[in-house]
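Reviewing the structure listed below.
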Amino acid sequence: MLRIYHNARCKKSREGLEILKNSGKEFETREYLKDELSEEELANLIKKLDITPLQLVRRNEKLWKEEYKSKDLSDRELITVMVKNPKLIERPVVETDKKAVIGRPPSEIEKLL
């Protein structure tokens, strides 16, 4: 089953959602700002993405620059920060049972279809 971690305010996330709708494939939408991820869920998602936690952080966010950029955080600490501040998570992310991609650009989502 496909799942998109979606932020309706984000243009790239809306574009990613449209790609999934147009694919004709069944998928579910998780608005992660409302339905927050647990640390375990986020760690599993990062593993599927095959990236480091820092690569999933939106480093241009004001919150990141002001509160966390200058800190030397471990991977576990970064996951905790993203769970507590989900707007720091890159978007959209689309996953299957075994793999995930960050939809930047949104065409990356097509790799899972």
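Values quoted throughout were computed directly from the atomic coordinates according to the rules given, and no laboratory measurement underlies them. Just so we're clear, the structure is a prediction, and the values are computed from it rather than from any experiment. Heads up, the Cβs are rebuilt from the backbone with ideal geometry, glycines too, and the neighbour counts pull from every protein chain shown.
Considering only the chain, what is the antiparallel percent among its DSSP beta bridges, to the nearest 5?
Around 65 percent of the beta bridges assigned by DSSP in the chain are antiparallel ones.
Rounded to the nearest 10 degrees, what's the angle between the helix 75-84 long axis and the longest principal axis of the chain, both from Cα atoms, 0 to 90?
Long axis of 75-84 versus the principal axis of the chain: about 70 degrees.
Tell me, how many Å apart are the Cα centres for segment 1-48 and for segment 50-113?
12 Å
If you fit an axis through the alpha-carbon atoms of helix 39-49 and take the longest principal axis of the Cα set of the chain, what angle between them do you get, 0 to 90°, nearest 10?
60 degrees
Among the listed pairs LYS11/LYS87; LYS62/LYS111; LYS12/LYS111, which have their C-alpha atoms separated by more than 20 angstrom in this model?
Violating the 20 Å Cα-Cα cut-off are LYS62/LYS111.
So how do LYS12, LYS21 line up by other beta-carbon neighbours within 10 Å, fewest first? Present the calculation step by step, with values, prior to reporting the outcome.
On the way: LYS12 16, LYS21 12.
Sorted ascending by nearby Cβ count, the order is LYS21, LYS12.
What are the semi-axes of the equivalent ellipsoid of segment 2-112, taken as the square roots of 5 times the eigenvalues of the Cα gyration tensor, listed largest first and rounded to whole Å?
Each semi-axis is √(5λ); the values are 24, 14, 12 Å.
Using only Cα atoms, find the angle between the long axis of helix 11-23 and the longest principal axis of the chain, and express it within 0 to 90 degrees, rounded to the nearest 10.
30 degrees
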